[in-house]
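A short write-up of the structure that comes next.
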Amino acid sequence: MKIVVIGGSGLIGTYLVGRLRQAGHEVLAASPNSGVNTITREGLAEALSGAQVVVDVANSPSFEDKAVLEFFETSGRNLLAAEAAAGVRHHIALSVVGTERNPDSGYLRAKLAQETLIKASGIPYTILRATQFFEFVDAIVQSSADGDVFRLSPALFQPIAAADVAAVLADISVGAPLNGTVEVAGPEPIPMDAIARQFLTVKGDRRQVIADVRARYFGAELNDRSLTPGDNPRLGPTRFGEWLSASQARA
């Protein structure tokens, strides 16, 4: 079975391509670096020729509100049109838990627009909504710096290891389309300010973390439902402390 992974050279894409190839599938890792561009359509028809499944894990190079919306809408329309022409039988997209609950976030509004295009396309699909990745905790913490302190929301979120997301995507890739949405999250809900303290302690950073209910996350103020999954999500097995220890050992 030929599977095309759009964004195949990125964080999730690299894990996913490796898993699928180990399972014996013909996998094309498609990205601008490999001559496949969903914005310009360069190489897109050729990449999808003979493909049964397309997994879209591409991300916008800019998180600015207008740019990110243009990216997901343009990329989505071009990709879905090319899939229809190629006879692709299953479109899989990676989205974000909480897209519909955070209208103040330009990024999440753009992901919701992407989901809407997929549902209207007529191509059999599965949308996997994931919580935030452990790998991005560092960037979240650093973006919250306010002088010599960090200000983060105390709202719960339920982050997950990127490799665990890829494992679920690999499983979905070889299954039947659900024509619906699945959620995946880490094994434990954690307040965002608490995970920042844990991260900084391990890094030896003594700066203070302040819990601030008005601190924004991609433009949105959070509550305990903003970024946590609904009922019966799939859960990754890796806990943040385990992942953090392993990443420190590799550093």
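Rule-based calculations on the coordinates, nothing more; no lab input. Bear in mind that the values here come from a model prediction, so they are computed numbers and not experimental data. Heads up, the Cβs are rebuilt from the backbone with ideal geometry, glycines too, and the neighbour counts pull from every protein chain shown.
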With the dipole of the chain defined by +1 on each Lys or Arg Cβ and -1 on each Asp or Glu Cβ, the option from G241, T40, G175 whose Cα lies farthest towards the positive pole is G175
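I need the GluC sites (Glu not before Pro) found in the range 28-75, filtered to DSSP loop residues with at most 16 other beta carbons within 10 Å of theirs. Walk me through the numbers on the way to the answer.
On the way: sites: E42, E46, E64, E70, E73; in loops: E42, E64.
Those satisfying the criteria are E42, E64.
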Asserting the computed 222 nm helical MRE of the chain (DSSP H runs at least 4 long, -39500 (n - 2.57) per run, divided by residue count, to nearest 500) equals -12000 deg cm²/dmol
At R0 = 35 Å the Cβ-Cβ FRET efficiency linking A113 and R89, nearest 0.05, sits at 0.90
Checking rank on 99-110, 141-152, with mean other Cβ inside 10 Å and highest first, the result is 99-110, 141-152
In the chain the DSSP beta bridges are antiparallel at a rate, in percent to nearest 5, of 15
With Cα coordinates, the longest principal axis of the chain makes an angle with the long axis of helix 65-86, in degrees rounded to 10, of 30
So Q22 and N232, fully extended at 0.36 nm per residue minus their Cα-Cα distance, gain in nm 72.7 nm
For the range 2-250, the charge dipole (Cβ of Lys, Arg +1; Cβ of Asp, Glu -1; about the Cα centre) points to a positive end, and the Cα of L117, L80, S60 closest to that extreme belongs to L80
Excluding residues fewer than 8 positions from K66 in its own chain, the lysines with Cα under 26 Å of it are K111, K119
Listed by chain and number, the aspartates and glutamates with an alpha carbon less than 20 angstrom from that of K203, same-chain partners under 8 positions apart left out, are E135, D138, D146, D148, D193, E242
Magnitude of the Cβ-charge dipole (Lys and Arg +1, Asp and Glu -1) of the chain about the Cα centre, nearest 20 debye, reported as 240
Out of V209, I190, Y107 - ranked by how far each Cα lies towards the positive end of the dipole of the chain, with unit charges on the beta-carbon of charged residues - the top one is I190
Labelled set (1) 56, 47, 35; (2) 54, 37, 35; (3) 47, 44, 41; Cα extents along the principal axes in Å computed from this model equals the value at (2)
The helix 192-203 Cα axis meets the longest alpha-carbon principal axis of the chain at an angle in degrees, between 0 and 90 and rounded to 10, of 80
The set of residues whose placed amide H lies less than 5 Å from the amide H of F133, leaving out same-chain residues fewer than 5 positions away, is I160
If every Lys and Arg gets +1 and every Asp and Glu gets -1 at its Cβ, then about the Cα centre the range 145-196 yields a dipole, in debye to the nearest 20, of 120
